[in-house]
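Quick note: the coordinates plus some simple rules give every number you see, no bench work behind them. All figures in this text were calculated on a predicted structure; none of them were measured in a lab. So basically every Cβ, Gly included, is an ideal-geometry build from the backbone, and we count neighbours across all protein chains shown.
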Amino acid sequence: MRIIITIISLFAINFQLLCVSPEVGSYLKVSPRKGDAIINLLKRYSLEGQSNMEFFIKRNSNLLGPQNGLFMHKEYELPILVASFNGVNIRTSLNISDYNIAKKIQDYNISMHSKKLKKHDYRTDKILWVPFLELGIENMMQIKQGDAPSKTGAKQDDALSKNAIRNLALFGDKSSAFKKTDSKLQDHIFYLIAGHGGPDPGAIGYRDGNELHEHQYAYDVTLRLAKKLMESGAEVFIIVQDESDGIREEKYLPKSGSEILINGDSISSVQVTRLKQRTDIVNELYRKNNKKGSKHLLIETHVDSRITDKRIDIFFYHQPDSDEGKRFCEALLGTIKEKYDKNQPGRGYSGTVSARNLYTLRNTTPVGVYIELGNIQNANDQIRLIEPSNRQAIANWLYLGILKAYNK
Ligand SMILES: [Zn+2]
């Protein structure tokens, strides 16, 4: 599903504010009426296109009964994005240039209000509903809040705020409780890539009749790490993303294929193009965000696959000529070793740091670290991947290793 519309709040990043009005930047949630099937519910909200139905089933799959039946007491996400209205006009509220689309959004909000589905007029509650699939604007990155008259006078940083809110949505419902805990990583920018995705699941392991797809596990750890970094005030760009997969608590993560890139592009099926897409995005983001005093780190996460069935532990690669890359790898390795020694004395840890000429590291401007989380074919390494608490532990340790590398 290609849904990449993102909304930013009226003010600069302010997570307290997000907690007060959690609905802005998320999908509208509603409960069905008695006797509702999905189609009636969608129709009530004038969501007639097939893509709305696909979105609905995918987003709400774990809340559906037999034959996709609905439960009256449950809340379902609709393909309607909740956005702030800046009190001026819809175009500057959402930063869209197309007058006709702005007009359609206005008509839609007026109609929803007159049908009493939306409690207040958007000019009163300053909330807009954007039926993005119905309007065919799901591929438009440019929907974001414009230069609203800010009560606080706070300077806006559109791109960053937009990205932060987008990330919170990516973390998923169960993990949406987000609280900035400190500012240790203020002015730090991270580019996180979960290897593979889209048409490429990465390496595949097998366990108890389940397929383990490399990308899924790398992505879950990546999201957990992203959240940790953001909690310390970092700006995080999640380069490969899948809005249908949040941080997941299941052991076996289903294969997907619906991953896209942060800029909304689909992932190429040609390997070299696929890699170039990512490095181009990282370099572009770096160029835009490389302000004075900012610090940047690229982290690409994979799960290795070897012919042998050997346990290989978490290991690291850096670009051959990058002393900085090597330093980061060693800090991460050191932290993981410390944690293993403390938590599982006598286990031993055989992780390594080595130089390797890898496309992503070679072709990106920021310093990069390439992580392999183990051997997806090995039964012991698999436990590190399939246990959600282990995935969280890896993310925590990587986070601590990063702090160590930055002397925090
Ligand atoms: Zn890989």
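Quick rundown of the values:
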read-out	value
Amide proton proximity set for Tyr191, modelled H, under 5 Å, gap of 5+	Phe237, Leu297, Leu298, Ile299
Estimated vicinal HN-Hα couplings, Hz - region 323-333 in sequence order (Karplus 6.51, -1.76, 1.60; Gly, Pro = x)	5, 5, x, 5, 4, 5, 4, 5, 5, 5, 4
Region 86-129 and region 364-408: distance between their alpha carbon centers, rounded to Å	44
Within-9-Å neighbourhood charge of His113 [Cβ basis; K, R +1; D, E -1]	+3
Charge-dipole axis of the chain as Lys and Arg at +1 and Asp and Glu at -1 on Cβ define it, positive-most pick from Gln277, Gly334, Leu41	Leu41
Share, in percent, of DSSP beta bridges within the chain that are antiparallel, nearest 5	45
Anisotropy class of region 180-405 from Cα gyration tensor, a/c 1.5 cut	rounded
Binned Cα-Cα distances of the chain, short to long, each 10 Å bin given as a whole percent	4, 22, 31, 24, 14, 5, 0
Cβ-defined net charge surrounding Asp98, 10 Å radius [Lys, Arg +1; Asp, Glu -1]	+3
Most to least packed among 207-217, 365-375, 232-242 [average Cβ atoms within 10 Å]	365-375, 232-242, 207-217
Structure-based [θ]222 nm, the chain - -39500 (n - 2.57) summed over DSSP H runs of at least 4, per residue, nearest 500	-11500 deg cm²/dmol
